[in-house]
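To start, the structure under review is shown below, and the notes come after it.
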Amino acid sequence: MQLLLALLLAGSGFGGDAAAPGATQGVTVHQQGRIGDVEVAVLDGSVDGVTAWLGENGFALPDTVAAELPAYVADGWTFTAVRLADGVEITGRMDPLRLDFPSETLVYPMRMSHAAGNDQMIHLFLIGDEAYRRTDTAASSQTTERPWVADPYEQGHTWSDPVLREMTGYDPTATYDPEEGPAMVTEFVVTAAPETITTDFVFEPDPGAAELVPTYTVTEVITLAGIPVGYLLVLGGVVVSALLVAAAAAFVIVRLTRPRARS
């Protein structure tokens, strides 16, 4: 089984010296190697050169995905191709790859998902000195939610994901300093139909964004002698009501049976 993930970088690597340029004309292979169960190659060049090299080296590139290459080549992007290593079969959950790259703008590559066969859900966490918002032209045709906009330290929140703990600077032994502490976290959940994915996701600071932290309702059943207290309260209310009704009835009977005073 061969796999190609549309991972694009403006300059990346996974360690080691850069490999010599590839033999295929019109393409430069910067790095190539294996990480765990996958083989990875970082390359750039012309559309024809990149396409030819991927085909010659066993990376599957559907025509619908190849159609999105020209825009990235024109913008000077570098491609990271990933496939399962020979003899490897997927038997469970695979560890994710972490890719870092410098960029003058805050961008998340998405245009290749225009070739997807079903709706895409993208879950992003943006970490910085302030909140962020989407500014790309495709945002208006997609559903974008921001479930979290806040400094996790100020909220006393600890992320369960170890990568988020690392990137937000979580240290349980450190003293939080608002001036030098972790940055604001803006969480994005985007749902997009393939035909709406015409640009990459682009983000800019949103200093006017109000803090937003999701809240949850927790219901706890309190029992007394094995009986939920709520039931006892309801039963007690019914008994009290019955006693009041009985008392009122007795009062009426007394008033009706009391003899009149003789003149």
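The values are calculated or read from the model by the stated rules, or taken from the named source; none is laboratory data. Note that the coordinates shown come from a computational prediction; the quantities given were computed from them, not determined experimentally. So basically every Cβ, Gly included, is an ideal-geometry build from the backbone, and we count neighbours across all protein chains shown. Remember, those area values only see protein heavy atoms, side chains included, never the ligands or the DNA or RNA. Shrake-Rupley method; radii C 1.70, N 1.55, O 1.52, S 1.80 Å.
Brief remarks on what is shown
- Rounded accessible area of HIS123 (nearest 10 Å², 1.4 Å probe): 100 Å²
- Here the peptides 66-79, 94-107, 32-45 are ranked by packing, the mean other Cβ count within 10 Å, and the order with the highest first is 32-45, 66-79, 94-107.
- Across region 26-43, coupling constants 3J(HN,Hα) worked out from phi with the 6.51/-1.76/1.60 Karplus curve, θ = phi - 60°, read x, 9, 10, 9, 7, 8, 7, x, 10, 10, x, 8, 10, 9, 10, 9, 10, 8 Hz, and Gly and Pro carry x.
- Counting Lys and Arg as +1 and Asp and Glu as -1 over every other residue whose Cβ lies under 11 Å from the Cβ of GLN142, the net charge comes to -3.
- Less than 5 angstrom separates the built amide H of ARG133 from those of GLU204, ASP206, all sequence-distant by 5 or more or on a different chain.
- Packing, taken as the mean count of other beta carbons within 10 Å per residue, orders the peptides 183-190, 154-161 from highest to lowest as 183-190, 154-161.
- Whole-number D in µm² s⁻¹ for region 83-136, Kirkwood Cα-pair radius fed into Stokes-Einstein, 4 °C, 1.567 mPa s: 85 µm²/s
- The order of SER141, SER113 by accessible area, most exposed first and with a 1.4 Å probe, is SER141, SER113.
- ASP161-ASP63 FRET efficiency (beta carbon distance; Förster radius 35 Å; 0.05 resolution): 0.45
- Accessible surface ranking that places the most exposed of MET121, MET110 first, with a 1.4 angstrom probe: MET121, MET110
- Electrostatic tally near TYR72: other residues with Cβ closer than 11 Å to its Cβ, Lys and Arg +1, Asp and Glu -1, net -3.
- Taken one residue at a time, the phi angles of region 189-194 give Karplus couplings (6.51, -1.76, 1.60, θ = phi - 60°) of 10, 10, 10, 9, 6, x Hz. Gly and Pro are set to x.
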